[in-house]
């Protein structure tokens, strides 16, 4: 078996926007690399799975809210939160948690109002993951 | 060790399967509560890594069923969960899992717990054919 591709430890690239003090980062690159023991092949696989699975989970969440199925909405938001925590995506996790809590309390109108924020955060994390993979592949 | 990973988070199951297999374990995956329960009964794993919030019923129900079934009640269970609900955490603790790890999972911590279970098994402290007697 070929040795796993390793990524040299490095700070975020110069192209990555600076993170203001106190701001929750969109991703935790160091945590991601530590999670996969710097195995870039594995990281690529995980990102690809997340990009696909998060789209499916978001669709389930939208359907749960639309069809007034609080249990389904809560579970989809919870699974999204769980998945993004694998990448240190604390901002998305916070947004998903807000939707999860609203759905758990059967406040689906509130969950619907919170959904655009979660969708925007997920779009950002997907972009950041894709950008990260491009950088490390280069 | 034959390990069942029961979680609907496809990212985490892929990660755990990859890393646990690299450590020499044989890993099976269940995506929902029903699959998890059937897999436990069919395969009698040496260890279950059990998520709580899954489709088809919660991991708490799987854990309760497992503890109440003489044939499988001794199978060690490590709960892995992102839940922050105190009532759910209380329900989990009442079933006396071997460990409860909060997500995001720190793999080194998980590996340590698994090693401890392996040592316990070597010493005869864990035997899946012996009914579970509850926590310490």
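The distance between label points at residue A:69 and residue B:111 comes to 4.0 nm (points 7 Å beyond Cα on the Cα→Cβ vector).
For the segment A:80-93, counting C-beta atoms of other chains within 10 Å of every residue's C-beta and taking the mean gives 4.
How high is the relative contact order of segment A:29-137, in percent, with contacts defined as C-alpha pairs under 8 Å that are six or more residues apart?
On the way: 108 pairs, mean separation 26.4, N = 109.
The normalised contact order for segment A:29-137 reaches 24 percent.
Taking only the alpha-carbon positions of segment A:29-137 and ignoring solvent, what does the Debye formula give for the base-10 log of I(q)/I(0) at q = 0.12, 0.15 Å⁻¹? For segment A:29-137, the Cα-only Debye profile gives -0.40, -0.59.
Taking label positions 7 Å along the Cα-Cβ direction at both residue A:127 and residue A:55, the computed distance is 1.7 nm, reported to one decimal. Projecting label points 7 angstrom from Cα along Cα→Cβ for residue A:62 and residue A:112 puts them 1.4 nm apart. Would you mind getting me the FRET efficiency between residue A:105 and residue B:44? Use the beta-carbon distance for r and R0 = 41 Å, nearest 0.05. FRET efficiency, residue A:105 to residue B:44: 0.55.
Compute the Cα gyration tensor for the protein assembly as shown, then decide on rounded, prolate or oblate, letting a ≥ b ≥ c be the square roots of its eigenvalues: rounded whenever a/c is under 1.5, prolate when a/b is larger than b/c in the other cases, and oblate in all that remain. Could you put the intermediate results ahead of the total?
Details: a/c = 2.16, a/b = 1.27, b/c = 1.70.
Because a/c hits 1.5 or more and a/b fails to exceed b/c, the protein assembly as shown counts as oblate.
Rounded to whole Å, the principal axis extents of the Cα atoms in chain B read 33, 33, 27, largest first. Taking other Cβ atoms within 10 Å as a rough exposure proxy, A:97, A:29 sort from fewest to most as A:97, A:29. Neighbour counting of Cβ atoms within 10 Å sorts the residues A:69, B:51, fewest neighbours leading, into A:69, B:51.
FYI, it's all coordinate maths here, none of it is from the lab. Just so it is clear, the structure is predicted and the values come from calculations on it, not from any experiment. When we count neighbours, we look across all protein chains shown, and the Cβ atoms used for this are built from the backbone with ideal geometry, even at glycine.
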